[in-house]
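Just so it is clear, none of the values below were taken in a lab; they were calculated from the coordinates. For clarity, every value in this text was computed on a predicted model and none was experimentally measured. In this analysis, Cβ positions are derived from the backbone assuming ideal geometry, glycine residues included, and neighbour counts consider all displayed protein chains.
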C-alpha cells in the first residue's frame, strides 16, 4: 500500500509521546502516588478457563514468585529438571517487582519429576502451590485474565478526588494502552524496531517478536490517543470494527447502517462491547467509513513502520480500545488505598494506574520496573 522507497527516517517519532489520559478533562492531572514500595504491594494471579487433565508428559506447576521475572522462573525450572528452557511453557509474562502466581509447564516424557523438585524450586524463590499432568505444553496467551491486588501509597491516599476517579473508571472503562514496559527504557525497543524493519525484519534479529510487538503497540497507542483526543475512544463510529467485552469475537458495522450504529452505541454505553483498534499487519480486517478514515490517517504518519510490518508478514489483528474492570473494589487501610480488579490477557494494570496516580514509571520515558 506504500512505496518501497519509504525508510525509517520518514517516521518522525517524538519520544516520550504525549498520550493523553481519559480523566484529565474532568479531574485534572492525578495526584502523586507509589504502587511498588515493596513487591507485596503489587500482586497478580493468572486465571485460566480450564484445568490440567491429570495425565500426560507435561508437568504443570502453579507457582508463586517474588521479585523474579517469568523468564527467570523458566530458567530455574529448566535447570532443576535438567531440560532446555525451550520445553518449559508459560501463558503470559508476569511482573518482576511483584508477588505473582502463574502456571508453568515442563515436558518430562516417560519420567517423573526430579526428586526434591518442590524444595529446590522453593530455594530459588518459586513456591509451588499446585501441580498436575497434562498432555500438552502450556502455550502463550491461553489464560483468560489476570487478577490484580494493588496497594497505593503517597499523596493519593488523602486525595479528595481519587474515589470519584475510580468510580468513573469502573462505570465507563479504561483506555487500553500498551504499558510503557512494552517500549523499553526511553523507547529503545521502538528505536530498535525501526532499524530492524527498515533493513528488513529477520527472525534471528528478533527471536521472540519483541520488536514487532513494540512497533505494533506504538501504532495502536497512537490511534487510541487520537480517539481519546476527539472523544470517540469508547463510542463506535460508522464503519467501526467492534469487539465483544471479555471475548476476541469481533464484527463490523456498515458505514451507512444508522440503525445498527445506534444499537452498537447503546451496547457500548453498557460496556457490552468496545471499538477495536488495529494492530497493523497484512489482512482484510479493516475498518471502513469514518472509523477506517481515522485509522488510515494515523497509520499514514508512519509509513516505514507499517511497510516493515507488512513485509515481515505480521497478520493484521485488533485490540479493544477500552477495558472493563472485572469485579473492581477499592478499600483503605491505615496508610494506603487497596485496589482489586481483573483485566483480560494482554491488558496492562499500568493503564489503570496511570489514570489514578502520577508516577515516573507510568510515563513512557521511564518504563515500569518490571521490565
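Things worth noting here:
- Residue among 310, 327, 46 with the largest mean-square fluctuation in a Gaussian network model of the chain, springs linking Cα atoms under 10 Å: 327
- For a paramagnetic label modelled on residue 338 (point 7 Å from Cα along Cα→Cβ), amide N atoms under 13 Å away belong, within region 144-162, to 149-152.
- A compact globular protein would have a Cα radius of gyration near 2.2 N^0.38 Å; the ratio found for the chain is 1.03.
- Crossing angle, helix 70-81 versus the chain [Cα axis fit, 0-90 degrees, rounded to tens]: 30 degrees
- Hydrodynamic radius by Kirkwood, which averages 1/r over all alpha carbon pairs of region 135-234, in angstrom: 17.1 Å
- Counting neighbouring beta carbons within 10 Å and listing from fewest to most, the residues 95, 272, 49 come out as 49, 272, 95.
- Cβ crowding within 10 Å averaged over residues, with 245-256, 273-284 ranked highest first: 273-284, 245-256
- Residue with peak Gaussian network fluctuation, the chain [Cα springs, cutoff 10 Å], from 320, 215, 12: 12
- Taking only the C-alpha atoms of region 232-340, the Rg (one decimal) and the largest Cα-Cα distance, Dmax (whole number), read 17.1, 55 Å.
- The chain - mean residue ellipticity at 222 nm from DSSP helices (-39,500 (n - 2.57) per run, n ≥ 4, rounded to 500): -8500 deg cm²/dmol
- Between helix 258-269 and the chain there is an angle of about 40 degrees, using the helix long axis and the longest principal axis of the Cα atoms.
- Fewest neighbouring Cβ atoms within 10 Å first, the residues 311, 203, 94 line up as 203, 311, 94.
- Taking the Kirkwood radius as Rh and the Cα radius of gyration as Rg, region 50-134 has a ratio of Rg/Rh equal to 0.93.
- Taking the number of Cβ atoms within 10 Å of each Cβ as an exposure proxy, the fewest-first ranking of 201, 15 is 15, 201.
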